[in-house]
1. Suppose the filter is touching a residue at least 60 places away in the same chain (Cβ under 8 Å) and either assigned to a strand (DSSP E or B) or open to solvent by 10 Å² or more (accessible area, probe 1.4 Å) (or both); does Pro13 pass it?
2. Mind listing whichever residues of the range 18-38 are surrounded by 19 or more Cβ atoms within 10 Å (Cβ to Cβ) and under 15 Å from the mean Cα position of the chain (by Cα)?
3. For the range 118-157, enumerate the residues that are closer than 17 Å to Val189 by Cβ and touching a strand residue (DSSP E or B) at 6+ places or on another chain (Cβ under 9 Å).
4. In the set Pro132, Pro213, which member is touching a helix residue (DSSP H, G or I) at 6+ places or on another chain (Cβ under 9 Å), within 23 Å of Glu43 (Cβ to Cβ) and either among the aliphatic types (A, V, I, L, M) or open to solvent by 70 Å² or more (accessible area, probe 1.4 Å) (or both)?
5. Among (1) in contact with a Lys or Arg (Cβ under 8 Å, 6 or more places away or on another chain); (2) on the phi > 0 side of the Ramachandran plot, where does Gln141 come up short?
6. Given the options Ala41, Ala101, name the one that is open to solvent by less than 40 Å² (accessible area, probe 1.4 Å) and in a helix (DSSP H, G or I).
7. Give the range 127-138 a look and list any residue that's under 17 Å from Phe53 (Cα atoms), touching a Lys or Arg at 6+ places or on another chain (Cβ under 9 Å) and away from the ligand (no atom under 12 Å from the Cβ), or say none.
8. Does Pro150 meet the test of being within 13 Å of the ligand (Cβ to nearest atom) and either among the basic types (Lys, Arg) or modelled with pLDDT of 95 or more (or both)?
Amino acid sequence: MSSTEFVIPAPPPISLPVLGETKRFPVRRVFCVGRNYEEHAKEMGYTGREPPFFFMKPADTLVPIEAGRQGTMNYPSLTQNLHHEIELVVAVGLGGKNMSAAQAPAHIYGYAVGLDMTRRDLQNDMKKQGRPWEIGKSFEQSAPMGPVLPAAQWDQWAQSAGQKDAAIWLKVNGETRQTSHISQLIWNVGEILEHLSAAWELAPGDLIFTGTPAGVAAVKSGDVLLGGVDGLPELNLKIV
Ligand code: MN
């Protein structure tokens with residue numbers, strides 16, 4: 001048996017814990033939806049009525065946080081305005097292209113809670129200049145995430161709790177900063193997969209950050225961020 005040898009150290013595989021499993025979810029690409037809650041679009045200076053658009057973070061920006069644990073993120077360089085964006089994250093289990101919204105559920109392995117951390121000052125500079133905004137969005141440790149819950153288990157939870165919607169929220173040092181409901185997504189999960197899979201061929205391991213509610217604001221070193229979506233494992237992160 002031969003294994004591939006590399007000329008420099010090979011990057012470690014990126015993966016997330018899966019609740020109730022010893023096996024992990026391997027991460028391929030990280031897609032993000034921009035401005036997908038109307039109130040957040042308005043706070044960013046837009047109308048909230050535009051087609052979905054996407055950007056990406058490299059997979060190695062993830063900070064995977066084990067179930068029941070607190071993760072840490074280093075306060076990043078160059079920024080004076082590091083913002084939190086709490087988001088529902090979709091984990092793709094079955095790839096495909098040109099999916100319809102109705103076909104999307106069959107392609108979803110599970111869901112998780114994620115933070116799309118943003119160097120807002122750098123992002124805004126790039127936007128003003130009409131330049132790509134990776135420096136504001138796609139830096140190291142910019143995507144802390146909790147464990148993945150398999151989709152069937154989230155559905156089961158919703159049924160047993162009699163819940164048709166899920167709250168999404170973020171607290172910083174115990175104080176609520178962001179709160180909304182998944183039903184308030186401008187483009188719902190099925191519609192996001194429909195749009196995304198028209199532009200890219202989705203593959204197992206892809207993650208999709210679905211957008212953030214209003215209330216984005218700055219954090220500083222020492223802050224503890226606790227975020228959740230009803231029925232999913234909470235995300236607990238300390239900025240150090
Ligand atoms: Mn976001």
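1. Numbers: touching a residue at least 60 places away in the same chain (Cβ under 8 Å): no; either assigned to a strand (DSSP E or B) or open to solvent by 10 Å² or more (accessible area, probe 1.4 Å) (or both): yes.
Against the criterion (touching a residue at least 60 places away in the same chain (Cβ under 8 Å) and either assigned to a strand (DSSP E or B) or open to solvent by 10 Å² or more (accessible area, probe 1.4 Å) (or both)), Pro13 does not qualify.
2. Of all residues in the range 18-38, those surrounded by 19 or more Cβ atoms within 10 Å (Cβ to Cβ) come to 18, 25, 27, 30-37.
Correct list: Phe25, Val27, Val30, Phe31, Cys32, Val33, Gly34, Arg35, Asn36, Tyr37.
3. Residues satisfying the conditions are Met145, Val148, Leu149, Pro150, Ala151, Ala152, Gln153, Trp154, Trp157.
4. Working: Pro213 fails: either among the aliphatic types (A, V, I, L, M) or open to solvent by 70 Å² or more (accessible area, probe 1.4 Å) (or both).
Of Pro132, Pro213, the one residue that is touching a helix residue (DSSP H, G or I) at 6+ places or on another chain (Cβ under 9 Å), within 23 Å of Glu43 (Cβ to Cβ) and either among the aliphatic types (A, V, I, L, M) or open to solvent by 70 Å² or more (accessible area, probe 1.4 Å) (or both) is Pro132.
5. (1)
6. On the way: Ala101 fails: in a helix (DSSP H, G or I).
Every option except Ala41 fails the conditions.
7. Of the range 127-138, the ones under 17 Å from Phe53 (Cα atoms) are 127, 130-134, 136-138.
Checking the rest, the ones that are also touching a Lys or Arg at 6+ places or on another chain (Cβ under 9 Å) come to 133-134, 136-138.
Hit for the range 127-138 is Glu134, nothing else.
8. On the way: within 13 Å of the ligand (Cβ to nearest atom): no; either among the basic types (Lys, Arg) or modelled with pLDDT of 95 or more (or both): yes.
No.
The values are calculated or read from the model by the stated rules, or taken from the named source; none is laboratory data. Fair warning: this is a prediction, and the values are worked out from it, not measured in the lab. For neighbour counting, all protein chains shown are included, and Cβ atoms are generated from backbone atoms with ideal geometry for every residue, glycine included. These area figures cover heavy atoms from the full protein model, side chains too; ligands, DNA and RNA do not enter into them. Shrake-Rupley method; radii C 1.70, N 1.55, O 1.52, S 1.80 Å.
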